[in-house]
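Worksheet: one structure, shown below.
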Amino acid sequence: MIVENAGYQDADELTCMRLAYLKEDYGTLQKKDEETIRELLPGYFRKHLNQDLFGYVVRDNEEIVSCALLLVTQKPMSPAFINGKTGTVLNVYTKPEHRHKGYAKAVMEYLMSEASKMNLSVVELKATDAGYPLYKAIGFEDDRSGYHLMKWKNN
C-alpha cells in the first residue's frame with residue numbers, strides 16, 4: 001500500500017470522495033447543495049492544495065480509494081498552540097468496498113507524520129463513533145479544554 005500526497009490533478013477525484021463522505025455523514029444531500037459542491041470544490045482544491053490544504057491518498061492502481069485532508073492555519077500563539085500553527089483533519093474517507101484493509105489508519109499515520117514535519121502545534125478533528133477507536137489508537141485524545149464547541153451559521 002502506498003500513501004502519497006494528492007496533487008492538482010486529483011481535484012476531480014477528491015471532489016467525488018468528498019461528496020461520498022458528505023452523503024454518508026449527512027445521510028443525504030439536497031440536490032442544490034450537491035450541485036454547488038460539485039461545481040465549486042474542484043476549483044477550491046486547485047487553489048488550496050499544497051498551500052494551506054494538504055491531501056493524502058491511497059490508490060488502488062490509479063484510483064483513489066482512501067483519503068484524508070489536513071487544513072493548516074496560523075493563529076495567534078497561546079499555550080494551547082505555542083507556535084500558532086494548527087491543523088484540522090477533514091474528510092477521512094475510504095470507499096466502502098476498500099474498508100477494513102488498514103487504509104484509513106495508513107493515511108492518518110502519514111498525515112500525522114506530515115503534520116509533525118510541518119511543526120504543527122496541534123492537530124484537531126471531529127470523530128464519528130466509527131472513527132473514534134482509530135484516532136485514539138494513533139494518539140488523539142479527547143479535548144478537555146472546558147470550552148463548548150459552538151457554531152454560527154449564515155443563513
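A short reminder: the numbers here are calculations on the coordinates, not readings from a lab. All values derive from a computational prediction rather than experimental measurement.
Taken one residue at a time, the phi angles of region 49-55 give Karplus couplings (6.51, -1.76, 1.60, θ = phi - 60°) of 4, 6, 10, 10, 10, 10, x Hz. Gly and Pro are set to x.
In region 1-152, Cα pairs under 8 Å separated by at least six residues give a relative contact order of 21 percent. Using a Gaussian network model of the chain in which every pair of alpha carbons under 10 angstrom is joined by a spring, one finds that among 52, 60, 33 the greatest mean-square fluctuation is at 33. Here the 3J(HN,Hα) profile of region 133-141, calculated from phi with Karplus coefficients 6.51, -1.76 and 1.60 at θ = phi - 60°, is x, 4, 5, 4, 5, 9, x, 6, 10 Hz, Gly and Pro shown as x.
Between region 53-94 and region 2-45, the alpha-carbon centres lie 15 Å apart. Coupling constants for region 7-18 follow from the phi torsions by the Karplus curve (6.51 cos²θ - 1.76 cosθ + 1.60, θ = phi - 60°), and in residue order they are x, 4, 5, 8, 4, 5, 5, 5, 4, 4, 5, 5 Hz; glycine and proline get x. Annotation: amide H of residue 85 within the under-5 Å range of 75, 121, sequence separation 5 or more or interchain, hydrogens built in the peptide plane.
Would the chain count as rounded, prolate or oblate if I go by the C-alpha gyration tensor, calling it rounded below 1.5 in a/c and otherwise prolate when a/b exceeds b/c, oblate otherwise? The shape class here is rounded.
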